[in-house]
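Participant: Handing you a structure now.
All of the numbers you see were taken from the coordinates with simple rules; none came from a lab. Since the structure is predicted, the reported quantities are computational estimates derived from the model, not experimental observations. As a convention, Cβ positions derive from the backbone with ideal geometry for all residues, glycine included, and neighbour counts pool all protein chains shown.
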Amino acid sequence: MSQWTSEQLQQMLSERDPHALFRRAVDLVQLFEMDFLGMTLHLHLAGHDPQIILHSNYPRGWIEAYRDCNFVSIDPVITQCRKSTLPLLWHDDLYNEVPLLREAACAHGLKHGWTQSLYDMRHNECQLSVARPTTPVSNFELYEKGAQIMWLCQVLHAVFSEHYLTCNGSAPHLSKRELEVIKWSAEGKIAEDVAKILSLSTSTVNFHIRSVIQKTNTTNKVAAIVNVVRHGLL
């Protein structure tokens, strides 16, 4: 099995264009002997109905059929993955109630693979699928490659969700105090320094930092700062 290099991973992390990022992701999964990569995003936007956004390198015929027939609403893989974040290996039994969907997918080369699900702090969801037309996926292969696919799911979800939320004007709503705390944090100040500057306790500063992390739908302080800067809030 080909391994991903540190250079490839760094390119993924530094790529901010969603479509270029997805092309890089396809290259990575193909190194894992997977032909196809598909991503389903479920985004919750303030004042809007939930949106379902699909990205993949699937055959055009399958992309059009899946969209036109609204297969996402009956796809048992999506249904199961919305209940668990464990990777789901594809098998015929999943499609007992919709065998024609399974037959159609296999006819387009989407026969063997698995799907990884992810939820963020705003309850947005992502299901990332890898697939190929031949050679079943063994449990060993799933265990061997599962961590990397989970990482890929996290990266793609972070960039694509930020992209679509920004396009829909969903900048985080931060309080004046939260902006003050994150401004000094962006200057490289640690919590103790920010506390002295703003005459707050360190625990209060950390509380505001955690709040900003949650509001920006990020996982740590650095990512939150980047998100706030990109939205022009500093």
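Participant: Which order do MET12, MET150, MET121 fall in if you start with the one that has the fewest other Cβ atoms within 10 Å?
Facilitator: MET121, MET150, MET12
Participant: Here is a further query. Mean residue ellipticity at 222 nm from the helices of the chain, using -39,500 (n - 2.57) per DSSP H segment of n ≥ 4 over the full residue count, to the nearest 500 deg cm²/dmol?
Facilitator: So the helix-based figure for the chain works out to -15500 deg cm²/dmol.
Participant: Going by average Cβ neighbours within 10 Å, how do the peptides 124-130, 28-34 rank, with the highest at the top?
Facilitator: Output ranking for 124-130, 28-34: 124-130, 28-34.
Participant: Also, quick follow-up: Below 30 Å Cα-Cα, how many Lys pairs turn up in region 127-234? Only count pairs eight or more apart in sequence, or on different chains, if you could.
Facilitator: 12
Participant: Determine, for TYR95, TYR119, TYR58, the number of other Cβ atoms within 10 Å of each Cβ, and report the residues in order from fewest to most.
Facilitator: The most exposed by this proxy come first: TYR119, TYR95, TYR58.
Participant: What list do you get for CYS69, CYS81 if you sort them by fewest beta carbons within 10 Å? Show your work: numbers first, answer last.
Facilitator: Numbers: CYS69 12, CYS81 24.
The fewest-first ordering by Cβ neighbours comes to CYS69, CYS81.
Participant: Relative contact order (percent) for the chain, with alpha-carbon contacts under 8 angstrom and 6 or more residues of separation?
Facilitator: That works out to 17 percent.
Participant: Along the positive direction of the dipole of the chain (beta-carbon charges: Lys, Arg +1; Asp, Glu -1; about the Cα centre), which of SER211, ASN96, PHE32 reaches farthest?
Facilitator: SER211
Participant: Nearest 10 degrees, 0 to 90: what angle lies between the long axis of helix 202-215 and the longest principal axis of the chain (Cα atoms)?
Facilitator: Value to nearest ten degrees: 40.
Participant: Any idea how far apart TRP151 and THR219 come out in nm if each label point goes 7 Å out from Cα toward Cβ?
Facilitator: About 1.1 nm separates the two model spin labels.
Participant: Among GLN127, HIS231, TRP62, whose Cα sits farthest toward the positive end of the charge dipole of the chain (+1 at Cβ of Lys/Arg, -1 at Cβ of Asp/Glu, about the Cα centre)?
Facilitator: It is HIS231, whose Cα lies furthest towards the positive end.
Participant: Relative to the Cα centre, what is the charge dipole magnitude of the chain, using +1 at the beta carbon of each Lys and Arg, -1 at the beta carbon of each Asp and Glu, and rounding to the nearest 20 debye? Mind showing how you got there, number by number?
Facilitator: On the way: 21 positive and 24 negative charges, 164 e Å.
With Lys and Arg at +1 and Asp and Glu at -1, about 780 debye.
Participant: Under 16 Å Cα to Cα from LYS111, which aspartates and glutamates show up? Leave out anything in the same chain fewer than 8 places away.
Facilitator: The qualifying aspartates and glutamates are GLU33, ASP35, ASP75, ASP92, ASP93, GLU103, GLU141.
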